[in-house]
Every structure is written in C-alpha cells, then in structure tokens.
Amino acid sequence: MNTISSMKVPGLTEDKCVTLIGMAGAGKSTVGRAVAERLGWAYVDTDHLIESTYGARLQDVTDALDKERFLDVEARVIQSLRMQRAVLATGGSVVYRPEAMRYLTSLGPVVFLDVPLPLILERISRKPDRGLAIAPGQTVEDLFREREALYRQWATCRVAAGDIDVSETANAVFDAIAGCGQAL
Ligand SMILES: Nc1ncnc2c1ncn2[C@@H]1O[C@H](COP(=O)(O)OP(=O)(O)O)[C@@H](O)[C@H]1O
Ligand SMILES: O=C(O)C1=C[C@@H](OP(=O)(O)O)[C@@H](O)[C@H](O)C1
Ligand SMILES: [Mg+2]
C-alpha cells in the first residue's frame, strides 16, 4: 500500500484511531473525511454503520426509536468496532453513553469540534431533516447546553472550529493531537 504521501502526526501511531465528537452540525463528518484523506487512513462514519445495521436512513432510525433506545444502539455499534488507522466521525449524541466513550478513548485521541450555538442552529436549519437524539419538548439549544460539559469531559483535545474552513479545521485537529501527544 502506498502511504508515502500520508501525513505524520507526532504521537499518532498507525495502531490508533482518531475520533471526532461534537454537536450535530459541528462538521465531524465533513472534517473527518478531510482528516482521513490527509492521513491516508480509512474514514468511518458511525451514522452510516447504524444506517447499514437497520437498512434505513438515519433519520428514520431516530424517528422509530425513542432517545434512550437510539443511544443504546449507537453505543452498541461503536463498541463493536475493531479498527485501527481510521478516522471515526461519531453522531452528536455519542457522549451520553460512558461505555462507548471509554471504548473510543481506548482507540486513540478524541477531538471535540467546538462550534458556537448560533452557527450550529444555522447549519441544522439548513438541513432540517437531519436526525437528532432529542427528547419530546427539548430544543436544539437545550441539547447544546446539556451536552457542552459532556464533550469537554470526554475530549482528549478541543478545537475551536467556529469560523474556520474545513481545511483549516483539519489542520487544527492535527495541531491539537500533536499538542496532546504525550497523553495518547
Ligand atoms: N469548517 C466548516 N466550515 C463551513 N461549513 C462547514 C464546516 N464544517 C462543516 N460544514 C458544513 O456544516 C454542515 C454540517 O456538517 P457535518 O459534517 O454534517 O456535521 P456533523 O457530522 O458534525 O453533524 C455541512 O453542510 C457542512 O458542509
Ligand atoms: O446529535 C444527535 O443527536 C445526532 C446526530 C446525528 O449525527 P451528526 O452529529 O453527524 O449530525 C446522528 O447520529 C443522530 O441523528 C443523532
Ligand atoms: Mg455527521
């Protein structure tokens, strides 16, 4: 396999995975693809794995299951992963299940893409049919507030990803991982 042009990040060895966490609309899937491409690693979107498990669109899965059931499914799918040399874009709700987060942490750095609420609201409103693990009566703002501390709790490192483009965000992910290299 030709990996000559692949980028190397201090502390990030080829037996690891990089996991991206953050709110729906933070850019995990988009930035994850860019990060994987630059590393020459596989890209895995856990939402796609849930879709293929059910043979259904993600939104149909979230609509069919209540919030807690969906979180269980998401955690189970994640804990079944046996991977290395992969960039994992998770769903925004993954942080509710400690067992899933402990497992992801064991695979390598967990990077929180931290995007301010107004931008999250704008991106979600641009694609309103996006699935969300949201309880009846909850707003996106409620979710944002509820999850903020969880993203920080589980992250190995954080990237302020509000007003920078995808390529700059990928660079910031590499810088953040290199910066926390000792902790990997
Ligand atoms: N750094 C960025 N700058 C501008 N737009 C972005 C950026 N990252 C993602 N987007 C856009 O935001 C939307 C949500 O991105 P997505 O990758 O689906 O987020 P997530 O997987 O975290 O829900 C998409 O339309 C995507 O093109
Ligand atoms: O934040 C959430 O509650 C969710 C986000 C979605 O993924 P993205 O974060 O990639 O949009 C998807 O996993 C599911 O619909 C639940
Ligand atoms: Mg996504």
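The values are calculated or read from the model by the stated rules, or taken from the named source; none is laboratory data. The structure presented is a predicted model; accordingly, all values stated were derived computationally and were not measured. Quick reminder, even Gly has a Cβ in these numbers, built from the backbone with ideal geometry, and neighbours come from all protein chains shown. Heads up: the accessible areas ignore ligands, DNA and RNA and are worked out on the full protein's heavy atoms, side chains in. Shrake-Rupley method; radii C 1.70, N 1.55, O 1.52, S 1.80 Å.
A few comments on the model shown:
- The residues of the stretch 38-178 expose, per residue, 48 Å² of accessible area to a 1.4 Å probe.
- Relative contact order of the stretch 55-150, taken over Cα pairs closer than 8 Å and 6 or more residues apart, is 39 percent.
- Cβ-Cβ FRET estimate between Ala64 and Asp163, R0 fixed at 35 Å, reported to 0.05: 0.45
- Taking amide hydrogens as placed 1.01 Å from N in the peptide plane, the amide H of Met23 sits under 5 Å from those of Val115, each at least 5 positions away in sequence or on another chain.
- Pairs of lysines in the stretch 5-129 whose Cα atoms sit within less than 21 Å of one another amount to 6, provided the residues are eight or more positions apart or on different chains.
- Every helix of 4 or more DSSP H residues in the chain counts as -39500 (n - 2.57), and over all residues that averages to -15000 deg cm²/dmol at 222 nm.
- For the chain, built as a Gaussian network whose Cα springs stay under 10 Å, the top-fluctuating residue of Ala75, Ala160, Ala135: Ala135
- Rg/Rg_ref, the chain, where Rg_ref = 2.2 N^0.38 Å and atoms are Cα: 0.98
- Spin-label zone in the stretch 138-159 - amide nitrogen under 18 Å from a point set 7 Å from the Cα of Leu117 along the C-beta vector: 138-152
- Expressed as a whole percent, the accessible area of the chain that falls on carbon and sulfur atoms is 51 (1.4 Å probe).
- Taking amide hydrogens as placed 1.01 Å from N in the peptide plane, the amide H of Asp45 sits under 5 Å from those of Ala89, each at least 5 positions away in sequence or on another chain.
- Counting only protein heavy atoms and using a 1.4 Å probe, the accessible area of Thr13 comes to about 70 Å².
- Available extension along the chain between His48 and Ser6 is 12.6 nm, counting 0.36 nm per residue and deducting the alpha carbon span.
- The stretch 145-162 versus the stretch 38-86: alpha-carbon centroid distance in Å: 20 Å
- Cα-based radius of gyration for the stretch 27-87, normalised by 2.2 N^0.38 Å, reads 1.22.
- Where no second cysteine Cβ lies under 4.7 Å, the cysteines concerned in the chain: Cys17
- Annotation: amide H-H contacts under 5 Å for Val18 (H modelled 1.01 Å from N, sequence separation of 5 or more, or interchain): Ala86, Val87, Leu88.
- The modelled label-to-label distance between Asp175 and Ala56, using points 7 Å beyond Cα along the C-beta direction, is 4.3 nm.
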